[in-house]
Structure formats: C-alpha cells, structure tokens
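Structure, as structure tokens:
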Amino acid sequence: MVKKEENDFNQKQADRKAKVKDLIEMGEFYFINQKWDNAIEVLGKAQKMEPNNPDVYYNLGIVYEMKNYLEEAKHMFEKALKIKPDHECSKKHLNKLVGT
Amino acid sequence: MRKFAVIGLGRFGYGVAKTLTEKGCEVLAIDSDEEKVKDVSNFVTHAVQLDATDEDALHHVGIQYVDVAVVSIGENIEASILIVMTLKEMGVKEVVAKAVTPIHGKVLRNIGVSKVVFPERDMAIKIANSLAVPNILEQIELSSEYSIIETTVPENIAGRTLIESGIRDRFGVNVIAVKKRVPTITESGEPDFVEEWNVSPMPEDRLEEGDVLVLLGPNEGLNKLKKG
C-alpha cells in the first residue's frame, strides 16, 4: 500500500515537472514572437507550480527586461541566482542591469 | 592612443582605470596603498605604488608624458590640491579631479583643473531624476536649455511609425536613434535578446513597446514628452 502511494506521488511529481517544462517552452515561444503579456501569463503559471525553478525566473526576467520593467527584471534574475548561484544567463543580465 | 594616469585607486579611481583600459587606452595607475595597486595591476598598462604628493616620484614614473591625469583623491583635500598643482607645474596638459565639497571643487577649478567631478552628487542627481521620472534611462545635459535623453517608447506612441508619432511636430525634439531588443535563442538553447541600434531612423520606421528612444531637444519639449 505504501509502495503504491509512493509511486503515485512520484508520478505526480514527474507530471508536474513535465507540465512546467511545457509552460516554459510555451513562454519561450511567446517571447520569440514578442507576445510579452502571454509569456508572463504562462511563466507565472509555471512559477506557481514550481517556485524553485531558476529557468522560470530567468525567462520572466528577460521578458520584463524587454518591456523595460527593469526593477522587476532585476528581481527575477536575483531570484534565479538565489536558487542557482551559477545560473550564467541570469548573472550576465543582472550584471548589466545593476547600476541602471 | 591617448595616455592616462589615474591617481588614487578607490572605488571611483578603480572604475575610471578599468573603463579606460577596456576602451583600449594606456593607463598608468597610482596609489600609495599596495593592495589597491595589486588589484588593478592585472588589467592596467602600468600600476605603481608611490606617494603622489612626491614630485620626484611622479617625475620618475613619467607622469609628465600623459595626456590626461585623473586625480581621484577626494577625502584628503590637501593631498588632492597639492597633487593637482604639482601635475600642472609638471606640464600635464589635462587634469580631471574628483571633489567632495563645493569649496574643494572651487579650489580645484581655480588652480586649473579642466573638469571637476562630484561623483556622489552627480549620482544622487541621476538617481533622483530616474526616480522622479522612471522611464528616463539616461540624461545628458548639453546646456541649461538642451539635453539628450534615453527613454522608453511612451505607451500612446507604441505601434506607430515615427512620423505618425508626431514627436518632432508636437514636442520639437529629434529622435536621433532607436534601440530595439530582438528576441533570439542562443547557441546553448537559452532564450535571450540582442540589441540593435537604428541610428537616424527613417520616418516610416515603426516604434514598438520596449524600444528605447534617444532624443535630442530643448528641455521644455523633452519634459512635455516625458509627461506624455
């Protein structure tokens, strides 16, 4: 019985990860097509589902940067780096924004 | 290639020395603190530990041959003034100096400094401006009447062409460049963007949300445009 519950739990975790990955990909699609608000919407969903995913914050950061919402962008890059200090893309963008 | 000397390697001097080096200039960096000299020694052309109030020591490192000397000693006003006077006497063509108080700045000007900078005051003004009008990214005052500003495209103009926006007719300012950020996917598969400059844009060029405009014009027109 315990084994079954464990399997169900693992399955749910895997499904959640796959869903977040899909949402990030969708966010990237909207980003490339310059649909900033759509990108923020789907990445926001991904953030709620997996609040410790640095890629979600990085993607949100570059969308905010594109919209010139620089404070929000900085905040997102900082969050990504808090979770993954060697997240190079976030580091690069944050360094550029510090001092603006 | 112009030759520079940076005397005093605190935060301001370090920043000046690093930026000049990155721009390909020859930089002679000087400080009395060994650690500070060591910090810059891996990127500047020459880094020397010496007491810059000592004329012989300055002469020995060839300071008289630089085109511009930047004196970034603010805290010790006496030393700052003494060094500037020594540099002028040695025939350094252009001296730029950092000041911490208005009187310090006035004295520096009177002894022949070409440009006096007040880094803290200047940064405070810049920050206050950016807080007061958040969409202004950069402002360069050309005179008391004219400026160049870098600003985001106002919402009511986004999506229109330059001529449709009426920026020139309504505000009397010229758009000298437009910076666009173009989304892309990097070689490693990460989403990112590249910045593309459109200098001297054409009337039919379209302005999009997120674009940055570089505008030149009278402050009155720029202020009106900032307010929308």
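Taking only the alpha carbons of chain A, we obtain Rg and Dmax values of 15.4, 57 Å in that order. Counting every other Cβ atom within 10 Å of each residue's Cβ, A:Cys89, B:Cys25 order from fewest to most as B:Cys25, A:Cys89. Within the stretch A:33-91, which GluC sites (Glu not before Pro) sit in a loop by DSSP and count at most 16 neighbouring Cβ atoms inside 10 Å? Answer by residue number: there is no such site. For the stretch B:12-46, which chymotrypsin sites (Phe, Trp or Tyr not before Pro) are in a loop by DSSP, counting at most 16 other Cβ atoms within 10 Å? Qualifying residues, ordered by number: B:Phe43. Over the protein assembly as shown, the fraction of Cα-Cα pairs per 20 Å bin, rounded to whole percents and listed from the shortest bin up, is 25, 43, 28, 5, 0. Among A:Gly61, A:Gly44, A:Gly27, the largest mean-square fluctuation in a Gaussian network model of chain A (Cα springs under 10 Å) belongs to A:Gly44.
Across the stretch A:12-17, rounded Karplus estimates of 3J(HN,Hα) from the backbone phi angles (6.51 cos²θ - 1.76 cosθ + 1.60, θ = phi - 60°) give 4, 4, 5, 4, 4, 4 Hz, Gly and Pro being marked x. Here the dipole of the stretch A:19-100 is about 140 debye; that uses its Cα centre as origin and unit charges on the Cβ of Lys and Arg (positive) and Asp and Glu (negative).
Counting only residues at least eight positions apart within a chain, or on another chain, the aspartates and glutamates with an alpha carbon under 17 Å from that of A:Lys4 are A:Asp15.
Our analysis of the stretch B:129-227 gives Rg over Rh at 1.02, with the two radii drawn from alpha carbon positions and Rh computed by the Kirkwood formula.
How about A:Lys21: which lysines have a C-alpha closer than 18 Å to its C-alpha, ignoring those fewer than 8 places off in the same chain? Cα-Cα hits under 18 Å: A:Lys12, A:Lys45, A:Lys48, A:Lys84. Out of the GluC sites (Glu not before Pro) in the stretch B:176-228, which ones are loop residues according to DSSP with at most 12 other C-beta atoms within 10 Å? Listed in order of number, the matching sites are B:Glu187, B:Glu204. Projecting the Cα atoms of B:Thr186, B:Tyr146, B:Pro203 onto the charge dipole of the stretch B:129-227, computed from C-beta unit charges around the Cα centre, puts B:Tyr146 farthest toward the positive end.
Proximity of backbone amide H atoms, modeled 1.01 Å from N, is registered between B:Ile73 and B:Lys98 at under 5 Å, excluding neighbours fewer than 5 places apart on the same chain.
Among the listed pairs A:Lys82/B:Lys18; B:Lys36/B:Lys98; B:Lys3/B:Lys88, which are separated by more than 24 Å between their Cα atoms? Please report the intermediate quantities before stating the final value.
Details: A:Lys82/B:Lys18 28 Å; B:Lys36/B:Lys98 18 Å; B:Lys3/B:Lys88 16 Å.
Cα-Cα > 24 Å for A:Lys82/B:Lys18; rest within.
Pairs exceeding 26 Å between alpha-carbon atoms, taken from B:Lys126/B:Lys226; A:Lys79/B:Lys224; A:Lys17/A:Lys79; B:Lys115/B:Lys179; A:Lys19/A:Lys96: A:Lys79/B:Lys224; B:Lys115/B:Lys179; A:Lys19/A:Lys96. Sorting A:Met26, A:Met66, A:Met49, B:Met202 by the number of Cβ atoms found within 10 Å of their own Cβ, with the fewest placed first, yields B:Met202, A:Met49, A:Met26, A:Met66.
Cβ crowding within 10 Å, taken as a proxy for footprinting-reagent exposure, orders A:Leu23, A:Leu94, B:Leu9 from fewest neighbours to most as A:Leu94, A:Leu23, B:Leu9. Compared with the dominant principal axis of the Cα atoms in chain A, helix A:54-66 is inclined by about 30°. Over all distinct Cα-Cα pairs of the stretch B:1-120, the Kirkwood formula returns a hydrodynamic radius of 13.9 Å.
Please report, to one decimal in angstroms, the Kirkwood hydrodynamic radius of chain B built from all distinct Cα-Cα pairs. About 20.4 Å for chain B. Under the convention that each Lys and Arg Cβ holds +1 and each Asp and Glu Cβ holds -1, the size of the dipole of the stretch B:3-118 around its Cα centre is about 620 debye.
Considering helices alone, the calculated mean residue ellipticity of chain B at 222 nm is -10000 deg cm²/dmol, with DSSP H runs of length four and up weighted by -39500 (n - 2.57) and normalised per residue.
Only the coordinates and a few stated rules stand behind these numbers; no lab work does. What you see is a predicted model, and the numbers here were worked out from it, not measured in a lab. Please note: Cβ atoms are built from the backbone with ideal geometry, for glycine as well, and neighbour counts cover all protein chains shown.
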